[in-house]
1. Report the charge-dipole magnitude of the chain in Debye, nearest 20, computed about the Cα centre from +1 at each Lys and Arg Cβ and -1 at each Asp and Glu Cβ.
2. Of all chymotrypsin sites (Phe, Trp or Tyr not before Pro) in region 60-129, which ones are in loop regions per DSSP and have a Cβ with at most 13 other Cβ atoms within 10 Å?
3. Hey, got a sec? Which trypsin sites (Lys or Arg not before Pro) in region 64-169 land in a DSSP loop and have at most 12 other Cβ atoms within 10 Å?
4. I want the local charge near Glu27. Using Cβ-Cβ distances under 14 Å, sum +1 for each Lys or Arg and -1 for each Asp or Glu among the other residues.
5. Give me the percent relative contact order of the chain, please, defined on Cα pairs under 8 angstrom at least 6 residues apart.
6. Of the candidates Gly65, Gly115, Gly90, which one comes out as most mobile in a Gaussian network treatment of the chain with C-alpha springs shorter than 10 Å?
7. Just to confirm a number: summing +1 for Lys and Arg and -1 for Asp and Glu over residues other than Pro134 whose beta-carbon lies under 12 angstrom from that of Pro134, what do you get?
8. Specify the inter-centroid distance of region 1-42 and region 94-169, based on alpha-carbon positions, in whole Å.
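Please treat every number below as a calculation from the coordinates, not as lab data. In this text the structure is predicted, and so the values were computed from the model without any measurement. Every residue, glycine among them, receives a Cβ derived from its backbone with ideal geometry; neighbour counts consider all protein chains shown.
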Amino acid sequence: MELLPQISNRMSIYKYKKTQLTKGSLERILDAGRRAPSAKNRQPWRFIVVQDETIRKRLEKAAYGQEHVGQAPTIIAACTTNIDYRMPNGQLSYPIDLSFSVAFMMLQAEAENLGNCVITTYDEREVKEILSVPHSMRVVMLLLLGQPEERPFPAPRKSLKQIINYNHW
Ligand SMILES: Cc1cc2nc3c(=O)[nH]c(=O)nc-3n(C[C@H](O)[C@H](O)[C@H](O)COP(=O)(O)O)c2cc1C
């Protein structure tokens, strides 16, 4: 099984069809997220699946009017269940743990031929209120999911040569 073609094919989708995800697709995507690694296997995540149109439109507003937020038929809000734990290197674990989990979901979405887009440009206080997220927790990102209406031009990437060093920086 080769993953690179699917990884290369993935791109953020900014226009979605109205068609809702099948129950099977959604379950497999959530299951992929559940299986992600996390520091000390603490799995500090809670995922809120939003398909209700009224709530999606409110999230669009909280995301400063980004239309693709309200248009995507499914939004997964990736939230923390812990915001304090630091790893032995001093870094907070939750942004990394949640990112792995959402990245796994994005790859499963790609395998299901579904468009997706990570969103972090939003008023977190407002999003927390809309989704009744406890005060002490955080909404780390939103993941949009749906059938692509349109695929944009691929965003360029730096070459391997620009980003890889061996043995020293
Ligand atoms: C951490 C993160 C935050 C992002 N936030 C937003 C966002 O708020 N709104 C948006 O439209 N796209 C957002 N994106 C999508 C990026 O703009 C996109 O991944 C990047 O331009 C590369 O394009 P590609 O995903 O098509 O390869 C975000 C992506 C990441 C990884």
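1. On the way: 23 positive and 17 negative charges, 59 e Å.
Here the size comes out at about 280 debye.
2. Working: sites: Tyr64, Tyr85, Phe100, Phe104, Tyr122; in loops: Tyr64, Tyr85, Tyr122.
Qualifying residues, ordered by number: Tyr64.
3. Details: sites: Arg86, Arg125, Lys128, Arg138, Arg157, Lys158, Lys161; in loops: Arg138, Arg157, Lys158.
Loop-located and lightly packed - Arg157, Lys158.
4. +2
5. Details: 284 pairs, mean separation 58.1, N = 169.
Relative contact order for the chain comes out at 34 percent.
6. Per the Cα network of the chain with a 10 Å cutoff, Gly90 tops the list.
7. Values: positive: Arg46, Lys128, Arg138; negative: Glu129.
That works out to +2.
8. Result: 10 Å between the Cα centres.
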